[in-house]
Amino acid sequence: MVKSVNHSEHLINQPIGMEESPDPPFQEKYKNLFYGLTDIELAKNSEELLVVEERELPLIDLNMLNLGDSEREACKRQIAEASREWGFFQVVNHGISNQVLEKMREEQMKAFKKPFHEKTNGNDLKFSTGSYIWGTPSPNCLTQLSWSEAYHVPLSDILGCGGLCTLSSTMEQFAAKVSELAQKLAEILAEKLGRNYSSFFKETCLQNTCFIRMNRYPACPISPEMFGLMPHTDSDFLTILHQDHVGGLQLVKDGKWIAVKPNSEALIINIGDLFQVWSNDVYKSIHHRVVANKLKERYSTAYFLCPSYDTVIQSCVEPSAYRRFSFREYRQQVQKDVRSFGYKVGLSRFLV
């Protein structure tokens, strides 16, 4: 007889958090996933979370872009090389002040510390309906459950808010700075493909078509067997991430999961699905995840460089590995798959 895991039973039997708790009721909503959890199942989860080592992402000093021709070209080559070989890199001297980043973190922490029922039943932040999300829509097993909550906010909700609230005005300031960085990096990556498409991103990835996602990963009683965010790729061109010191971000490198060593001075950049298609697989959209922490909560803020929904995505060279599709079609397919299977299928849906 396979023994049930004691601490998972304790987790299910413990009282659900008081009304004033900020934490989502993971135990209550997903109790069927936890009930009767066996040693074998827990071992399987632990095996999937096995990490070989902690490594630092390629670190690029963007101040090199302000120096002579040779330094500037060396910086551009580093950006393109990291996007080909890692799909991820980190940047320092990126032009976004610590004051802006710290204010963003401070305001999002205030928003997440509100009681859970206020975050779900009220929207004093004036974001679009459905901006607040938590958990996973239809998980079939523990490895499809994300132990996290987020505000996924279209920038159209906050642009020109006129100081409606401190959080919105802080997000607007943050987005303006990060948007400039995202456009700069996209133009460099286009240039290193040997194509003059610098206007493409300015014309299609407007500020009001992009998104900010504020993430909170509550401490998880059964960590390290749980994902804070299940494995996925990003459905955009580029993502810029500002994270705290706690760590937990992991990605696939050379066929193995590695843990990313936190760097408080750097922003993390990663290639999204749309750039992989647009570059015809030159730049890589890499699977990544967040592992839950038993003792510490974790915060991060991500900026997603996205085109308008009607933008047609196609490879910039032929023969293309992917068929043409609109960004709206891609997002709808991703959402449909998550509802149906509990996870994102992604680019394989659109191969020629």
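For the range 296-316, the set of residues classified as among the small types (Gly, Ala, Ser), more than 12 Å from the chain's Cα centre (by Cα) and either surrounded by 16 or more Cβ atoms within 10 Å (Cβ to Cβ) or not in a loop (DSSP other than H, G, I, E, B) (or both) consists of Ser315 only. The residues in the range 321-344 that are at pLDDT 95 or above and part of a loop (DSSP other than H, G, I, E, B) can be counted, and the count is 3.
For the structure I just gave you, tell me whether Glu225 is surrounded by 22 or more Cβ atoms within 10 Å (Cβ to Cβ), on the phi < 0 side of the Ramachandran plot, assigned to a loop (DSSP other than H, G, I, E, B) and over 14 Å from the mean Cα position of the chain (by Cα). Yes; evaluated as a whole, the condition is true for this residue. Screening Lys256 with (1) touching a helix residue (DSSP H, G or I) at 6+ places or on another chain (Cβ under 6 Å); (2) surrounded by fewer than 18 Cβ atoms within 10 Å (Cβ to Cβ); (3) not hydroxyl-bearing (Ser, Thr, Tyr) gives one miss only, at (1). In the range 56-67, the residues that are under 16 Å from Ser264 (Cβ atoms) reach residues that are among the aromatic types (Phe, Trp, Tyr) and at pLDDT 95 or above with C-beta atoms within less than 9 angstrom, at least six apart or across chains, in these pairs: Leu57/Trp86; Leu57/Phe88; Leu57/Phe89; Leu59/Phe89. Listed by first and then second residue, the pairs with beta-carbon distance under 8 Å, at least 6 apart or on different chains, first residue in the range 129-149 and modelled with pLDDT of 85 or more, second outside any loop (DSSP other than H, G, I, E, B) and polar (S, T, N, Q), are Tyr132/Thr120; Gly135/Ser146; Thr136/Gln144; Thr136/Ser146; Ser148/Asn215; Glu149/Asn215.
The values are calculated or read from the model by the stated rules, or taken from the named source; none is laboratory data. On a predicted model such as this, the values are computed, not experimentally measured, just so you know. Cβ: placed from backbone, ideal geometry, glycine included. Neighbour counts: every protein chain shown.
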